[in-house]
Amino acid sequence: MTGKKLLISAVVLALVQIGFLSWIIAGRAAILRNGTEVLLKVEPIDPRDLLRGDYVSLGYEISRIPVKLVADIPTDRTATADERILVRLHKDQDGYWRAVAAFLGKPTTPPATDEADIAARLVGGSSLEPDATLSPDYGIDRFYLPEGEGRAIEKDMRVRPFGVRVVLAKDGTAQIKALMDGNETLFEEPLY
């Protein structure tokens with residue numbers, strides 16, 4: 001009986017682990033399939049990870065948000081703890097989406113048809129003084145590439161505009177869908 005119980009326990013544990021991994025993958029795929037797509041202009045940083053290979057480390061225009069864009073700062077607050085922020089993006093005429101407002105709480109109005117909200121975390125200790133700038137972490141700061149492609153793309157990013165197509169879930173969670181060189185799609189993320 002002990003061997004049978006051990007086998008059943010091992011099978012149940014394996015099924016729980018497979019279910020958990022499937023849930024994570026399906027959640028990411030659901031965002032890519034059903035979310036709101038936005039195009040963000042990128043700024044390169046560094047192209048190599050010893051464990052996962054080449055990548056482009058990405059910074060964005062929306063990686064620096066002036067505190068004056070935050071619509072709902074309580075009058076008695078001067079700094080943030082590690083908290084969530086929603087940044088409202090607006091699609092400009094050049095096709096890129098730029099920050100027009102930010103919210104520490106829930107926005108009072110829904111985004112217009114040419115707007116979308118992207119969620120981020122603020123690193124603890126950010127100043128909320130009117131002339132300060134916030135640095136939200138959107139969780140989309142790396143795009144992995146086929147081996148040998150990272151350095152060439154990083155070099156090209158320094159001389160011409162690149163962007164990423166990002167897909168946003170209803171709650172503002174972001175997933176990178178594709179790396180763009182101008183209007184050309186260089187690499188696109190598969191759903192699975």
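In this structure, does LEU191 turn out to be in a loop (DSSP other than H, G, I, E, B), closer than 23 Å to TYR55 by Cβ and touching a helix residue (DSSP H, G or I) at 6+ places or on another chain (Cβ under 9 Å)? Judged against the criteria, LEU191 is a match.
In the range 146-179, what residues are assigned to a loop (DSSP other than H, G, I, E, B) and of a type in the set (A, V, I, L, M, F, W, C)? Correct list: VAL159, ALA169.
Can we say THR108 is touching an Asp or Glu at 6+ places or on another chain (Cβ under 8 Å) and surrounded by fewer than 12 Cβ atoms within 10 Å (Cβ to Cβ)? Break it down into steps so the answer makes sense when it comes.
On the way: touching an Asp or Glu at 6+ places or on another chain (Cβ under 8 Å): yes; surrounded by fewer than 12 Cβ atoms within 10 Å (Cβ to Cβ): yes.
The answer is yes for THR108.
For THR113, the conditions (1) touching a helix residue (DSSP H, G or I) at 6+ places or on another chain (Cβ under 9 Å); (2) surrounded by fewer than 17 Cβ atoms within 10 Å (Cβ to Cβ) are fulfilled apart from (1). The set of residues in the range 118-176 that are open to solvent by 50 Å² or more (accessible area, probe 1.4 Å) and of a type in the set (A, V, I, L, M, F, W, C) comprises VAL123, ALA152, VAL159. In this structure, ARG98 does not qualify as surrounded by 14 or more Cβ atoms within 10 Å (Cβ to Cβ), out of contact with any Leu (no Cβ under 8 Å at 6 or more places or on another chain) and free of Cβ contacts under 8 Å to residues at least 60 places away in the same chain. Residues of the range 1-32 that are farther than 27 Å from LYS170 by Cα and β-branched (Val, Ile, Thr): THR2, ILE8, VAL11, VAL12, VAL16. Annotation: of all residues in the range 75-93 being at pLDDT 90 or above and not aliphatic (A, V, I, L, M), the one that is nearest to VAL123 (Cα to Cα) is ARG84. Residues that are among the aliphatic types (A, V, I, L, M) and touching a residue at least 60 places away in the same chain (Cβ under 8 Å) were ranked within the range 63-81; the one that is surrounded by the fewest Cβ atoms within 10 Å (Cβ to Cβ) is VAL67.
Scanning the range 34-55 for residues that are of a type in the set (Phe, Trp, Tyr), surrounded by 13 or more Cβ atoms within 10 Å (Cβ to Cβ), modelled with pLDDT of 90 or more and part of a strand (DSSP E or B) turns up nothing.
Please go through the range 110-125 and pick out each residue that is over 14 Å from ALA174 (Cβ atoms), of a type in the set (Val, Ile, Thr) and either assigned to a strand (DSSP E or B) or under 18 Å from the mean Cα position of the chain (by Cα) (or both). Selection gives VAL123 alone.
Screening ARG84 against (1) open to solvent by less than 50 Å² (accessible area, probe 1.4 Å); (2) touching a residue at least 24 places away in the same chain (Cβ under 8 Å) leaves a single unmet condition, (1).
The values are calculated or read from the model by the stated rules, or taken from the named source; none is laboratory data. Given the structure is predicted, the values throughout are model-derived calculations rather than measurements. Cβ atoms come from the backbone with ideal geometry, glycine included; neighbour counts cover every protein chain shown. With ligands, DNA and RNA removed, areas are computed over all heavy atoms of the protein, side chains included. Shrake-Rupley method; radii C 1.70, N 1.55, O 1.52, S 1.80 Å.
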